[in-house]
Amino acid sequence: MLKKPCFNLTKHKLEYESVKEFSSSILEVPLSEKSILFFDVSQEVEIKPDDPLSVKQDDLLKTGEKFLPFKDKSSKYLTSSVTGKISSINTFQSDYGKKYISITVNKEKEEIVCDKFSKKSKEPTIANASEFLSCIPGGISENILSNTGEIKTLFVCGTDNDLFSVTNQYIVSSKIESLKKGIEILKNITGIDNIILVVNKYLEQTALNAEIKTEVINSEYPSSLPKLIVKELLNMELPQDKSFIDIGVDFISAEAVAAITQAYNTGKVPVDKIITFVKKDGYKLLAKARIGTPIKNLCAACDTAIDNNDRLIIGGPMTGSAIYTDDYPILNNTDAVIVQAADNISRTSDYPCINCGTCVMACPARLSVNILVRYLEAGLYEIADDEYDLSACIECGLCSYVCISQIPIFQYIKLGKYELAKIKAKAAEEVDD
Amino acid sequence: MIKQKKLIVSHAPFIHNGSKISIKNYHIMLAALPALLAGIYYYGIQAVGVIGLSISFSVFWELAFNLIAKSEKRIGDGSSAVIGVVFAMMLPATAPWWIILIGTFVAIIIGREIFGGIGSNPFNPAVLGIAIIALSWKEYFDFNQALINFDMDFNMFYPLAALKSFGASSISSISVFDLMLGKQAGAIGAVFGIGIIIGGLYLIAKGIIRWEICFSFIAGIFLTSMTFAMFAPTTYAGPFFHLFTGYTLLGIFFLSPEDSSSPVNKMPMILYGLGCGILTILIRNIGVYADGILYAILIMNIINPLIDKIKPKAFGKV
């Protein structure tokens, strides 16, 4: 999508990685002594910081067992990915106000698989899917599982959101049969008729051979961001005040669909995540690890030592986030892990904007980034939104990628959106009072 | 206490396309070389002196301002040097040192630094510098007078002045090709049209300047000068004459596309270029100045923030 300026012969496009360039073997990361389960509480308004948890230290969890950390307050559950005893429970703060309860589980010698799911899952139904499968690798949205009939079109993403990652492509290329069956199961249990597999040109033939309803999208970044998929395939831009569910669209990753098939085939809740791992020298490989495995174990298995001043990135290079500790676990949506060596890190600068307009050309949302960033630098978030469309940003990160002054524009935008949401929430509160 | 590794934490994206302000500026200087070398070929060592002084004074003024204002020293990025180069291109080879000193002071300090430095200048600094000294010391910018001691193998006179005083018949003997080769009196970097075009196309190919501005500028000049020439062919010159005389090509490829003082959206860029072109010819044909391009660009620089508000509708906006 990085639009090529006319005559511009020197700048290259940003193409997504092709899974075909990867070796077909997949590295199995051994089970670690300690696993960490993250329970996201940032969206749970009912839960207060000092609320007691329903689980406590030394409780035994079985592999695939579901448990509700806050039984009385929230019906959200977690699936344990290992068999072991809870050794500690902490809170973990992440960027932009995200909060997690982190539950550390020490591995037991013998692995016991919880059999509650297999007893209830003779036939796939929406009830047993929503009761057991919301934490599968790849993740599945509540809207799909609550089956309200609002979703008319479901896109199965066989593409990866960000550069470098090939996790979903790997599923399409190696587990196409299981993907096909998963789509059938989803059709049956949710009643959504229009389920479309989205791939880019690398995997078009694979998908067509399997006779799955497929759409091919552009293979240039950021074409596979959800809003741009909708724009390309449904020929509409999601209106700013609407969500995907308002226009009857939802997304699920190919990995999650394959995991659904695996769950009903084996009677076990899937707990293994496929991760694209990028080493310091840029070498990329695919690894399979239990959800909850600390990143440091993944790095060790991939022969990569983490040193001081390195950068450890969860997710892709354009939209991911850098973490401050290698104890951070693999979550069910961690598609890629990138390690950058200390001397290889691109930095931002405090140069002012020189108004060159490269960001304006690169922006797929047609924002006047050059003016927007001036308002954001000054902290004028409301004007930035009213006059320069802050909330229309689709968060691809291209503006920062191309910025000649190396201004952290994307960071300003994310911060601006976060602060704007706080301002709006406060204003709404005052109205209520 | 467990020894925790210290990792670098920063915000996405974690990769960058490697573009740098310094690289961009060095490309602009490279693009100016063909025109400058031709100027040196025509005017000899005096031109080298003017170019050298102009660049060093520009860098000196920025450094001096940085020291006084205790701001970060950024002379290494080459932006002052670029202003110096472009400033020198617009000077006659006979310009005395003190004019260069004052002109670069106006360009760097008044044109840019007091507005907040790089990226904040509302005008093209070099244009502002030249405009002010050309108003203050007219005689040095009368190219016929200034270059009177140069003996060339071609008819040495400043075509725009001839046009202004004696009408289109006085310039009928000049061939466009001679003008393109630089066989005219003029500023160091403005006489060799082919060189400026080569440099400009190089910058467009590199994506450093925008083709929209350059081409609509040319379109503006053609439209206006053709209209004038159609109604009064004996008084007004045709478009090719205007294109290859005075600062026109310099204005198209080096002055008007300057980053900070030109628009970034597509439609505004075209309007801006057209406006520059139309105003240039209007001032040349109706105004008192022989070459109106400096004032055309300065006026469009002022309008730039206004027209740049014409922007496309944002994603998903209803």
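Which one of A:212, A:185 is farther than 22 Å from residue A:26 by Cβ, assigned to a loop (DSSP other than H, G, I, E, B) and assigned by TED's automatic domain parsing to the domain that holds residue A:130?
Testing whether each residue is farther than 22 Å from residue A:26 by Cβ, assigned to a loop (DSSP other than H, G, I, E, B) and assigned by TED's automatic domain parsing to the domain that holds residue A:130 leaves just A:212.
Confirm whether residue A:25 is in a loop (DSSP other than H, G, I, E, B), modelled with pLDDT of 80 or more and either under 17 Å from residue A:402 (Cα atoms) or in contact with a helix residue (DSSP H, G or I) (Cβ under 7 Å, 6 or more places away or on another chain) (or both).
No; evaluated as a whole, the condition is false for this residue.
Which one is nearest to residue A:239 (Cα to Cα) among residues in region A:367-405 that are within 7 Å of chain B (Cβ to nearest Cβ) and more than 26 Å from the chain's Cα centre (by Cα)?
Checked region A:367-405; the qualifying residue nearest to residue A:239 (Cα to Cα) is A:368.
When residue A:135 is evaluated against the numbered criteria (1) in a loop (DSSP other than H, G, I, E, B); (2) surrounded by fewer than 16 Cβ atoms within 10 Å (Cβ to Cβ); (3) touching a residue at least 40 places away in the same chain (Cβ under 8 Å), which criterion, by number, is the only one it fails?
(2)
Being of a type in the set (Val, Ile, Thr), part of a helix (DSSP H, G or I) and either under 24 Å from residue A:323 (Cα atoms) or more than 14 Å from every other protein chain (Cβ to nearest Cβ) (or both) narrows it down to one of B:51, B:28, B:23, so name that one.
When all the criteria are applied, what remains is B:51.
Every residue, every condition in (1) farther than 24 Å from residue A:275 by Cβ; (2) of a type in the set (A, V, I, L, M), yes or no:
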position: A:38; (1), (2): no, no
position: A:42; (1), (2): no, no
position: A:58; (1), (2): yes, no
position: A:74; (1), (2): yes, no
position: A:82; (1), (2): no, yes
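Do you know which of the residues in region A:305-322 that are within 7 Å of chain B (Cβ to nearest Cβ) and either β-branched (Val, Ile, Thr) or not in a loop (DSSP other than H, G, I, E, B) (or both) is farthest from residue B:15 (Cα to Cα)?
That would be A:306.
Which residue out of B:316, B:275 is part of a loop (DSSP other than H, G, I, E, B), surrounded by fewer than 24 Cβ atoms within 10 Å (Cβ to Cβ) and touching a helix residue (DSSP H, G or I) at 6+ places or on another chain (Cβ under 8 Å)?
B:316
For region A:211-268, give me each residue that is among the small types (Gly, Ala, Ser) and out of contact with any strand residue (DSSP E or B) (no Cβ under 7 Å at 6 or more places or on another chain).
Once the filter is applied, which keeps residues that are among the small types (Gly, Ala, Ser) and out of contact with any strand residue (DSSP E or B) (no Cβ under 7 Å at 6 or more places or on another chain), region A:211-268 yields A:243, A:256, A:258, A:259, A:263, A:267.
Just to be sure before I move on: is residue A:191 more than 15 Å from the chain's Cα centre (by Cα) and either modelled with pLDDT under 90 or in the same structural domain as residue A:337 (by TED's automatic domain parsing) (or both) in the structure I sent?
yes
Report whether or not residue A:355 is polar (S, T, N, Q), more than 29 Å from the chain's Cα centre (by Cα) and farther than 30 Å from residue A:309 by Cα.
yes
The values are calculated or read from the model by the stated rules, or taken from the named source; none is laboratory data. Quantities reported herein were computed from a predicted structural model and do not represent experimental measurements. Note that each Cβ is placed from the backbone with ideal geometry, even for glycine, and that neighbours are counted across all protein chains shown.
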